[in-house]
1. Go through segment 9-27 and give me each residue that's modelled with pLDDT of 50 or more and part of a helix (DSSP H, G or I).
2. So which of 30, 58 is under 19 Å from residue 148 (Cα atoms) and either in a helix (DSSP H, G or I) or under 12 Å from the mean Cα position of the chain (by Cα) (or both)?
3. Can you tell me which residue within segment 112-161, out of those that are aromatic (Phe, Trp, Tyr) and in contact with a Phe, Trp or Tyr (Cβ under 9 Å, 6 or more places away or on another chain), is surrounded by the fewest Cβ atoms within 10 Å (Cβ to Cβ)?
4. Only one residue in 92, 64 is without any contact (Cβ under 8 Å) to a residue 40 or more places away in the chain, of a type outside the set (A, V, I, L, M) and under 11 Å from residue 47 (Cβ atoms), so which one is that?
5. Report whether or not residue 37 is closer than 22 Å to residue 148 by Cβ and either at pLDDT 95 or above or polar (S, T, N, Q) (or both).
6. Here are some residues: 92, 151, 101, 97. Which one is under 13 Å from residue 33 (Cβ atoms), modelled with pLDDT under 95 and not hydrophobic (A, V, I, L, M, F, W, C)?
Amino acid sequence: MTNFFRIALLVTSIAFLKPNQANAQAAKYKCMIQMTNYMGEGAYIVISLIDAKGQYEKTLYVLGSDKKWYNSLKEWHKFNAKKPANISAITGASLTGGDRGVSIIDIDKSKINTGYKLRFESAVEDQKYNVKDLEIPLTTEALAAKSEGTGFIRYVRFSPN
């Protein structure tokens with residue numbers, strides 16, 4: 001009987017350990033985006049994880065839910081066409097001029113302070129496309145600071161969730 005209980009305890013421990021290991025690798029952050037006061041339609045914004053070589057690695061969040069406009073985010077759209085991901089769980093509403101939005105994004109802890117960046121790519125219908133509206137080094141210091149955008153994004157702030 002004791003061997004049965006030991007095996008049951010081992011199986012239960014493994015079952016609880018695996019989800020906790022996955023959670024230990026990902027950190028949730030609130031990402032607040034403040035838009036500039038532009039006139040026009042809502043901006044589509046993609047937050048991507050960029051590796052040390054400047055290549056797309058992962059889509060972290062998409063603001064704008066109508067897939068027919070994703071091609072306006074040209075560089076990300078090329079990446080997503082090659083490596084399609086199920087983004088339905090990481091998609092929210094677009095933001096218009098002067099709006100502020102808060103999203104929760106998961107960042108792999110092993111990517112912080114190792115040369116990765118967060119890229120904010122933005123596009124508005126019939127207006128300029130910004131492949132690098134904002135790029136933030138993925139460091140503990142940068143995640144604690146306010147970062148200024150160069151296009152439709154005025155600034156971005158992160159806070160641990």
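The values are calculated or read from the model by the stated rules, or taken from the named source; none is laboratory data. Every value quoted in this text rests on a predicted model; they were computed, and no experiment measured them. As a convention, Cβ positions derive from the backbone with ideal geometry for all residues, glycine included, and neighbour counts pool all protein chains shown.
1. Result: 24, 25.
2. None of the other options fit; the residue is 30.
3. Only one residue tops the list, namely 158.
4. Sole residue among the options that is without any contact (Cβ under 8 Å) to a residue 40 or more places away in the chain, of a type outside the set (A, V, I, L, M) and under 11 Å from residue 47 (Cβ atoms): 92.
5. When the stated conditions are applied, residue 37 passes them.
6. 92
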